[in-house]
Each structure stands twice: as structure tokens, then as C-alpha cells.
Amino acid sequence: MIPIKAPGARRPDTGRIAHDTDTPMRRLSHALLALACVLPTLPAAAQSAGDWTVAVGVHQVDPRSDNGTLAGGTLPLSIGSSTRPTIAVEYFVRDRVGIELLAATPFRHDLDIAGLGHVGSTKHLPPTLSLQYHFAPRVRLAPFVGAGVNYTTFFEEDTRGALAGSKLALGDSWGLALHAGIDIKAGPGKLRLDARWMDIDSDVRLDGARLGTARIDPLVYGAAYVVNF
């Protein structure tokens, strides 16, 4: 298990080159429209031992502001945010206590180096397994907390600009994940507003040579609709 590191300040989006034309608002609108079509067929929400819940939503991965330096501290690294659809499945091992698995479509992040500008991008998947406690799952406003382990795998690294033609590789990561949120009764299910912190560090290599460590440690926040089975 990797030790906890305090999350850094969040990075404002201003000034970053936009490379992902599909906006978070557009994705959220599509997700809500799909949910509206199926809500009438879903069962009422309840969370007791033996229950399953499924949460479908949209979340943003927002890396910490200081993502470390490469090449012996000479190249400050900056990693951009990304928003994608997510799904979480939770099984209640007893009343109020559940085990949740988080999954998502691949997140895509732009990579910038101070003085060199935009140098590439990478995709990642962050499956996360958590043990969660729901304080009052049957009331209208139901907070919960959780902790667990995150595994992050990086793939489809791309280089451009000053690094064009080079082979970039980011190593996979294991780390602690913390989770907190609130479920708000809405129709047959619940609207979930939540946030996670994940301990994600990745070894960075360029053409096989180790450049340093990317310290990502993001906040992951968003909304989802939760149904019970």
C-alpha cells in the first residue's frame, strides 16, 4: 500500500490547450437523457444486507497542481483534467456496509512540460475497490464514506511537439483511495454527488530511459444516478 500524501491544490483550467472537443456538459446531458428513458422501469432504492446497487454517472479526474519534475528536477510536468462516463457496482455485505467497484471509460490527459509546452497525452483506466459505510441509507439525504485501493493503468501514450517521434511510457500504479458523498432520494432511485481522492504515482520513461515520477494524486468528482436491485 502506498503512503497517503496530502492532495495538492487544484489546477485551474485556464490557459490549457483544449484537445478534447467533447465537452463534460454534453456528456452529462447524454447520460441524463439515457437515464430518463429507463427510470420508470427501475425498482425503488433501499440498501440492506444482500442488496446490489448500480450507479451510472459522469466524473472528472482533476490531477493535483504540482505533478512533479522530470530529468533530475529540470522539467516541471503538468497533467490536464479529463471527464468521462463512470459506473459503480456495490454489494451490501451487511446493513449500511457495502463493497463497491468503480469503473469508467478511458480518461484522456494532456501532458505539458514547462518551457516545452504540449508534449503529448495518455489514457488511463482507474478501477477502484472500496469498503463503504452508509450512515442512513433510507432517508432522503444519506451521506456515506469509503476507503479502498485504486489500480491505475496507462496506455496509448502519444508524443508531439518537443518530444515528437519519441516513445513515452507511463507505468501502472497502486494506491489508496478515499471516497465521500451524499445520496439524495430522486424518483425510484437516488442522485449521488461524490468525490474521491486517489494516490496515483507513475514512473515516466522516454525511449526506455527513466525520466522521473509523475505525481498525479487526483480528485475525482461528479454525479451519478443510483438504483437498487
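Readers should treat all values here as calculations from the given coordinates under stated rules, not as data from a laboratory. Given the structure is predicted, the values throughout are model-derived calculations rather than measurements. Note that each Cβ is placed from the backbone with ideal geometry, even for glycine, and that neighbours are counted across all protein chains shown.
Numbers for the structure displayed
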item: Test result for Asp217, of a type outside the set (S, T, N, Q) and over 30 Å from Leu141 (Cα atoms); result: no
item: Residue identified as buried (at least 17 other Cβ atoms within 10 Å of the Cβ) and either in contact (Cβ under 8 Å) with a residue 40 or more places away in the chain or farther than 20 Å from Leu219 by Cβ (or both) among Ala164, Ala177, Ala186; result: Ala177
item: Every residue from the stretch 45-90 that is of a type outside the set (Gly, Ala, Ser) and over 21 Å from Leu111 (Cα atoms); result: Gln47, Asp51, Trp52, Thr53, Val54, Val56, Val58, Pro85, Thr86, Ile87, Val89, Glu90
item: Subset of the stretch 188-203 (residues that are closer than 15 Å to Val54 by Cα and not in a strand (DSSP E or B)); result: Pro188
item: All strands (runs of 3 or more DSSP E) inside the stretch 102-144 with 3 or more residues being surrounded by fewer than 20 Cβ atoms within 10 Å (Cβ to Cβ); result: 117-125, 128-134
